Amino acid sequence: MLFCDIEHFAELAVDALLFALLGAVWFLLPAGAANVAPVFASRLIPSWDAPVDFGCSLRGARLFGSHKTWRGLIAGLTASGVTFAVQQLIYGDVAVLRQYSYFEYDRYPWSMGIWMGAGALTGDLIKSLIKRQLNISPGQAWFPFDQLDWLIGAILFTYPFISFSSGSVAQIMLVGFFLHLVANLIGYALRLKRTWL
C-alpha cells in the first residue's frame, strides 16, 4: 500500500513538473522571441539604429539609451506575432500542448502575440529607464532585474485576458528567469552579448 502511494505521488510530482516547465516555456515563446529579436536585428540591419527615445534625456541621463532602437522594437513585435501565429497552427494538432497550455490559443487572434511581445519590450524599456537614472551603463549587468523585466511585462500585459493563478505566475517567473540565464550564456558564447548575466 505504501509503495502504491509513493508511486502515485511520484507520478503527480512529475506531471506537475512537466506542467510547470512545458506550460511556462510554451507561454513565454512570443515574449522570448520579442526579447531576443533585437539582438539579431542589430546584426542583420545595423544601419536602422534610430533610438526609441529620440535622444531625449531626463535629469541629465538618456531616457533609454542609444541601444534601444525602433529597429529592435519592430523586430521584437514582428517576432512575437509570428511566434504566436505558429503556436496557433501547432496548438490544435498536438495534444500535449493543449494539456499543458495556460490558455486556449485558438480563442485569441494572432495579434495577442504582438501584445505579449509589447509587454516584454515595455518591461525592458522601463528597466532601461531606471538603469539610466541610476547611472548604470547600457549593457552592464543588473541582476536580477535584467532577467525579470520581460517576464513581468509579458504577464502584466496578458493578465487582463488570461486568468493566472499565483502558482502559474510563480512557475512562469521561475522558468523564465532560468531560460533568460541560459539564453544569455549562449549569447555570450556566440559573442552576441557583453556579459553572461
- Flag for ARG62 being basic (Lys, Arg), crowded, with 17+ Cβ neighbours inside 10 Å and out of contact with any Cys (no Cβ under 9 Å at 6 or more places or on another chain): no
- Inspect the range 130-147 for any residue being touching a residue at least 60 places away in the same chain (Cβ under 8 Å) and either aromatic (Phe, Trp, Tyr) or in contact with a His (Cβ under 8 Å, 6 or more places away or on another chain) (or both) and give the result as yes or no. yes
- Conditions (1) surrounded by fewer than 20 Cβ atoms within 10 Å (Cβ to Cβ); (2) touching a Gly at 6+ places or on another chain (Cβ under 6 Å); (3) free of Cβ contacts under 8 Å to residues at least 60 places away in the same chain; number of the one not met by LEU77: (1)
- Quick one: which of LEU156, LEU179 is more than 24 Å from ALA41 (Cβ to Cβ) and out of contact with any strand residue (DSSP E or B) (no Cβ under 9 Å at 6 or more places or on another chain)? LEU156
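Quick one: how many residues across the range 101-146 are of a type in the set (Val, Ile, Thr) and at pLDDT below 95?
Counting residues in the range 101-146 that are of a type in the set (Val, Ile, Thr) and at pLDDT below 95 gives 1.
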- Query: Which ones in the range 41-58 are touching a residue at least 24 places away in the same chain (Cβ under 8 Å) and over 13 Å from THR69 (Cβ atoms)?
  - Reply: LEU58
- Item | Residues of the range 142-197 that turn out to be loosely packed, with under 15 Cβ neighbours inside 10 Å, over 16 Å from the mean Cα position of the chain (by Cα) and not hydrophobic (A, V, I, L, M, F, W, C), as a count | 9
- Task: Would you check which residues across the range 115-129 are farther than 25 Å from ARG191 by Cβ and free of Cβ contacts under 8 Å to residues at least 40 places away in the same chain and list them?
- Result: THR122, GLY123, ILE126
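The values are calculated or read from the model by the stated rules, or taken from the named source; none is laboratory data. Nothing here was measured: the structure is a model prediction, and the numbers come from that model. Cβ coordinates were reconstructed from backbone atoms using ideal geometry, including for glycine residues, and neighbour counts include every protein chain displayed.
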